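Here the structure is laid out as structure tokens; the discussion comes afterwards.
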Amino acid sequence: MDAVIKKLMPSSAYMEKPVTDRPSEAEVEAAVRTLLRWTGDNPEREGLIDTPKRVTKAFLEMFNGYDMCPAEELGRTFEEVAGYDDLVIVRDINFHSHCEHHMVPIIGKAHVGYLPDGKVVGLSKIARVVDIFAHRLQTQEAMTAQIASVIQDVLNPRGVAVMMEAEHMCMAMRGIRKQGSTTLTSTFTGVFKDTPEEQVRFVTMVRGGGV
């Protein structure tokens, strides 16, 4: 499996090109101080004196997806499934990401399903994959496709379905300032892409309508 992962990594759309010249924490803190001054505030006042360190620490956490490989999370699978070969769905996976255009939050839920072909993956691994992609600068459209792509590439199931719904703070906090609007995206591979009935079944189950 390690060899398969290494083979997939260079050409897969879900892998980001690694940055080799990351700035130091001191440089990041200096940049935050510059931004604070640019807003018109004083970075030396009591309430802001430790803000550069806090922002640097927060960024390490919020954007740690660049240091993780989603394919590795899916590397361990289970073949003892008692013949089960029907739809597996993990729905209502809460996530928070950041818009790559304005670096403000995207907050929403992901619903991920796949039709196994002889093997399944631990359910928590699906949620982990969502988190890895969410912890990068993103567009919702790209993130939807990336999740489906890595699951299809690594697990090689008969099909993958991904639906995402999220509120974008770049719309709520700035620009047209429309709070509460939700963006829906979906992508399908394999059987889901070729069979509209399977798409309908996936969406129905995600929405709580049963099989």
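Brief remarks follow.
- Full extension of the chain between Asn42 and Asp194 gives 48.9 nm of extra length, using 0.36 nm per residue less the Cα-Cα distance.
- Shape category assigned to segment 23-65 from the gyration tensor of Cα positions, a/c cut at 1.5: prolate
- Kirkwood radius and radius of gyration were both taken over the C-alpha atoms of segment 79-160, and their ratio Rg/Rh is 1.03.
- Here segment 123-211 yields Rg over Rh of 1.02, to two decimals, using C-alpha coordinates and the Kirkwood radius.
- Size of the chain: Rg and Dmax of its alpha carbons, in Å, are 19.8, 65.
- Of Lys57/Lys125; Lys109/Lys193; Lys125/Lys193; Lys57/Lys178; Lys53/Lys109, pairs whose Cα-Cα distance is over 27 Å: Lys57/Lys178; Lys53/Lys109
- Low-density loop cleavage sites - GluC sites (Glu not before Pro) in segment 19-69, where at most 13 other Cβ are within 10 Å (DSSP): Glu44, Glu46
- DSSP-assigned coil residues among trypsin sites (Lys or Arg not before Pro) in segment 128-211, each with at most 15 further Cβ atoms within 10 Å: Arg174, Arg177, Lys178, Arg207
- Dipole magnitude of segment 82-211, debye to nearest 20 (Cβ charges: Lys/Arg +1, Asp/Glu -1, about Cα centre): 400 debye
- Among the chymotrypsin sites (Phe, Trp or Tyr not before Pro) in segment 81-164, those located in a DSSP loop and surrounded by at most 13 other Cβ atoms within 10 Å of their own Cβ are Tyr84.
- Shape category assigned to segment 76-127 from the gyration tensor of Cα positions, a/c cut at 1.5: prolate
- With all protein chains kept in place, the per residue accessible area of segment 52-210 amounts to 50 square angstrom at a probe of 1.4 angstrom.
- Thr204-Arg128 pseudo-label distance in nm [points 7 Å out on the Cα-to-Cβ vector]: 3.4 nm
- If you run the Gaussian network model on the chain, springs between alpha carbon atoms under 10 Å, then out of Ala127, Ala26, Ala71 the most flexible one is Ala26.
- Rounded FRET efficiency, nearest 0.05, which uses the C-beta distance separating Lys57 from Phe78 and R0 of 35 Å: 0.40
The values are calculated or read from the model by the stated rules, or taken from the named source; none is laboratory data. These numbers were taken from a predicted model, which means no experiment stands behind them. Reconstructed Cβ throughout: ideal geometry from the backbone, glycine too, with neighbour counts over all protein chains shown. Ligands, DNA and RNA are excluded from the accessible area calculation, which covers all protein heavy atoms including side chains. Shrake-Rupley method; radii C 1.70, N 1.55, O 1.52, S 1.80 Å.
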